[in-house]
Amino acid sequence: MPGIIEADDLTKTYSDTAAVSHVRFSVKKGEIFGFLGPNGAGKTTTMRMIACVSPRTSGTLAVFGMDPDTNPAEIKQRIGVVPQESNLDPDFTCAGNLRTYARYFDIPAAEAEKRTENLLAFVALTEKRDVSIDKLSGGMKRRLILARALINNPDLLILDEPTIGLDPQARHLIWERLRLLQAQGNTIVLTTHYLDEAARLCDRLVIMDNGTFLVEGKPADLVRDQVGSEIVEMDNTPDVVACLTEMGIPYETIGDQVQVATGASRELAKTLLDRCKTSRVSTRPATLEDVFLKLTGRNLRE
Amino acid sequence: MTSIFSLPQVSKRAIKVWRRNLDVFLKTWKVNFFPPFIEALLYLTAIGLGIGTYVGVIDGIPYVMYIAPAILAISVMNSAFFECTYGSYVRMYYQKSFDAIIATPLSIEDVIAGELLWGATRSVISVTIMLPVLVAFGVISLPFSLLAIPLAFLAGLMFAGLAMCFTAITPSIDTLNYPSFLFITPMMLFSGTFFPLSVLPLVIQYIALAIFPLTHLVALMRMATLPSAGPLLALNLIWILAATVIFCVISINLMRRRLIV
């Protein structure tokens with residue numbers, strides 16, 4: 001069965017730079033699919049092509065089996081978009097934003113009214129229904145944008161950094177709601193810089209850099225395949241480095257720390273404590289963040 | 001790359017954008033209804049009665065009746081022009097409303113068409129508020145003056161399209177001041193509004209007829225309010241019809257070029 005989104009050789013070029021370069025992916029019905037990568041990797045551009053607001057330069061792209069170039073309105077009727085920047089309408093209240101948005105989808109007024117109330121309750125904003133947008137906190141705006149994206153009961157949700165700048169309470173609320181939506185059969189595509197969020201939410205994800213995919217897979221598989229299951233950390237001293245080199249153990253130095261990826265951290269920690277002159281050895285499970293930094297490097301991006 | 005003259009595909013969903021703007025307008029209707037009313041009063045009193053005392057008659061018409069249609073025409077121009085420059089720019093750039101709307105089944109063509117229709121509607125609203133004032137002063141004649149309303153829509157659409165062209169190419173909101181001061185203000189003064197074009201050097205008369213849309217609107221408005229058919233009726237009407245189509249088409253294509261990347 002073909003996926004909700006099928007992209008092959010998908011490319012987007014701005015004047016002479018390739019923002020997205022020959023990527024191929026397929027998003028299945030009911031899954032949460034993540035796009036990860038440093039700033040400028042091409043995540044948002046990919047999302048904008050899926051959302052039919054940015055035409056592709058070449059390659060093929062099908063959403064619900066339709067081409068965004070030829071059937072944008074039909075596709076957009078069935079998707080909900082949470083953009084990175086808030087673009088709520090400041091001329092309306094919370095409820096007014098949802099009602100106005102409902103009209104763009106041809107939802108009859110009575111039905112729009114019902115959905116508005118339900119969605120305000122869904123994102124815990126019922127008390128703010130008649131409050132204007134500029135009186136809302138960042139977290140409330142984010143929640144309202146999620147509610148707005150759901151006004152047309154979308155089959156596919158496109159979220160560009162849905163929890164950016166939110167406090168932990170609001171993030172957890174959004175995660176919980178996204179899980180609920182997935183349970184109801186929604187397909188969700190998202191980008192995020194929070195790797196714990198990606199690990200927690202995504203069924204599958206890709207890590208992008210410079211417009212191409214570096215890896216694709218399930219979060220746990222990626223961690224295991226790319227880094228190993230655990231990380232041993234020690235202070236970065238000449239003794240420790242000399243000792244590791246002597247034993248032929250591959251390591252990475254990050255600032256004042258030395259990291260060794262391993263599948264057997266307890267044994268390695270014991271060996272290192274016995275044989276290297278180190279005051280501190282700590283072990284922790286490897287995370288998606290280790291994969292991300294390994295693949296995309298530690299240099300700061302624009 | 002499509003040409004800026006290619007015919008844009010606009011669907012009837014454009015009405016939803018028009019409706020959004022109307023909803024916002026009606027929320028603050030008390031504030032919005034006042035300016036055209038006051039504007040008509042001020043112009044009539046200061047220029048019509050004040051200056052009119054010295055001018056007397058122009059072309060055999062009492063001065064206050066001569067400028068009454070110009071007040072309507074200027075209001076048509078200003079309403080649509082400022083709505084589709086500063087108003088549309090704020091919605092596009094600061095409020096990101098266009099981005100939000102094109103995430104729904106509406107296309108950018110629908111959004112801009114809705115904005116243009118709204119600009120024309122602002123002109124109609126202004127004229128409709130001004131008409132009773134002018135009737136009360138007895139400076140326009142009924143029922144022919146009611147033609148000012150459909151005329152306001154047509155010419156409003158023309159000025160909305162013209163404004164949207166500037167909005168589509170302006171680097172920032174500040175640079176929208178250039179068309180306002182270098183084009184709209186001179187046009188307000190040199191389009192046969194407060195004095196006949198015929199007193200100006202011939203070359204300026206030709207320039208006004210060639211590139212000032214307001215010249216043609218003032219002429220048509222004057223024909224409606226006096227009422228008396230002018231010598232250039234056909235030219236005036238065709239000029240406005242053609243300019244409306246051209247400005248609207250170009251503005252939608254330029255906006256698409258600016259926003260769809």
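Only the coordinates and a few stated rules stand behind these numbers; no lab work does. These numbers come from a predicted model, not from an experiment. Reconstructed Cβ throughout: ideal geometry from the backbone, glycine too, with neighbour counts over all protein chains shown.
Here are a few things to note about the model shown:
- The trypsin sites (Lys or Arg not before Pro) of the range A:200-275 include none that meets both conditions, a loop assignment by DSSP and at most 16 other Cβ atoms within 10 Å of the site Cβ.
- Calculated on alpha-carbon atoms, Rg and Dmax of the range B:27-180 in Å: 17.7, 59
- Chain A: angle of helix A:109-122 to the longest principal axis, Cα-based, in degrees nearest 10: 30 degrees
- Disulfide-incompatible cysteines by the Cβ rule (no partner under 4.7 Å) in the protein assembly as shown: A:Cys52, A:Cys94, A:Cys202, B:Cys84, B:Cys165, B:Cys248
- Degrees separating the helix B:63-82 axis from the principal Cα axis of chain B, which is the longest one: 10 degrees
- Computed [θ] at 222 nm, deg cm²/dmol, chain A (DSSP H ≥ 4; -39,500 (n - 2.57); rounded to nearest 500): -11000 deg cm²/dmol
- Computed on the range A:183-302, with alpha-carbon pairs under 8 angstrom and 6+ residues apart, the relative contact order is 27 percent.
- Rounded to the nearest 10 degrees, the inclination of helix B:108-136 to the longest alpha-carbon principal axis of chain B is 20 degrees.
- P(r) histogram, all alpha-carbon pairs of the protein assembly as shown included - 10 Å bins from 0, percent: 3, 15, 21, 19, 14, 11, 8, 4, 3, 2, 0, 0
- Comparing B:Tyr66, B:Gly48, B:Gln9 along the charge dipole axis of chain B, the residue lying farthest to the positive side is B:Gln9, per the Cβ-charge model.
- Averaging 1/r over every pair of different alpha carbons in the range A:12-137 and inverting the result gives a Kirkwood radius of 17.0 Å.
- Alpha carbon centroid spacing (whole Å) that separates the range B:56-99 from the range B:144-174: 8 Å
- Sequence-distant residues sharing a close amide H with A:Lys28 (under 5 Å, placed H): A:Ile4
- For the range A:229-285, a Kirkwood radius taken over Cα pairs fed into Stokes-Einstein (20 °C, viscosity 1.002 mPa s) yields D = 196 µm²/s.
- Ordering B:Phe181, B:Phe247 from the fewest to the most neighbouring beta carbons within 10 Å gives B:Phe181, B:Phe247.
- Peptides A:277-286, B:7-16 ranked from most to least packed, by the mean per-residue count of other Cβ atoms within 10 Å: B:7-16, A:277-286.
- Space enclosed by the convex hull of the alpha-carbon atoms of the range B:173-229, per residue, Å³: 92 Å³
- Exercise: per-residue mean of other protein chain Cβ atoms within 10 Å, B:99-112: 6
- Volume per residue of the C-alpha convex hull in chain B, rounded to whole Å³: 134 Å³
- Its Cα centre serving as origin, the range B:14-259 has a Cβ charge dipole (Lys and Arg +1, Asp and Glu -1) of approximately 420 debye.
- Taking amide H as placed 1.01 Å from N in the peptide plane, A:Val215 has its amide H under 5 Å from the amide H of A:Ile207, each at least 5 places away in sequence or on another chain.
- HN-Hα J in Hz across the range B:28-40 - Karplus 6.51, -1.76, 1.60, θ = phi - 60°, x for Gly and Pro: 10, 4, 4, 5, 6, 7, 5, x, x, 4, 5, 4, 4
- Residues B:Leu26, B:Leu131, A:Leu273, A:Leu159, sorted so that the one with the fewest Cβ neighbours within 10 Å comes first: B:Leu26, A:Leu273, B:Leu131, A:Leu159
- Solvent-free Debye scattering, log10 I(q)/I(0), computed from the Cα coordinates of the range B:104-204 at q = 0.09, 0.13, 0.14 Å⁻¹: -0.33, -0.67, -0.76
- Relative contact order %, the range B:14-259, counting alpha carbon pairs below 8 Å whose residues are six or more apart: 26 percent
- Cβ-based charge dipole, the range B:14-259, positive-most Cα from B:Thr121, B:Phe195, B:Pro132: B:Thr121
- When chain A is treated as a Gaussian network with alpha carbon springs shorter than 10 Å, the biggest mean-square fluctuation among A:Asp134, A:Asp256, A:Asp91 belongs to A:Asp256.
- For the range A:61-113, taking Cα atoms only, Rg and Dmax work out to 13.5, 37 Å respectively.
- The Rg/Rh ratio of the range A:253-297, with Rg taken over Cα atoms and Rh as the Kirkwood radius over Cα pairs, comes to 1.00.
- Mean residue ellipticity (222 nm) of chain B, computed from DSSP H runs ≥ 4 via -39,500 (n - 2.57), nearest 500: -20500 deg cm²/dmol
- All-pairs Cα distance distribution in the range A:35-94, expressed in whole percent, bin size 5 Å: 4, 15, 23, 21, 17, 12, 6, 2, 0
- As a ratio to 2.2 N^0.38 Å, the alpha-carbon radius of gyration computed for the range B:145-261 takes the value 1.15.
- Projecting the Cα atoms of A:Val63, A:Leu166, B:Leu154 onto the charge dipole of the protein assembly as shown (Cβ charges, centred on the Cα centre) puts B:Leu154 farthest toward the positive pole.
- Here is the result for the range A:55-111: no chymotrypsin sites (Phe, Trp or Tyr not before Pro) lie in DSSP coil with at most 15 other C-beta atoms within 10 angstrom of their C-beta.
- Ellipsoid equivalent to the range A:186-302 - semi-axes via the Cα gyration tensor, in Å: 31, 15, 11
- Distribution of pairwise C-alpha distances over the range A:5-217, 10 Å bins, in %: 8, 35, 36, 18, 3
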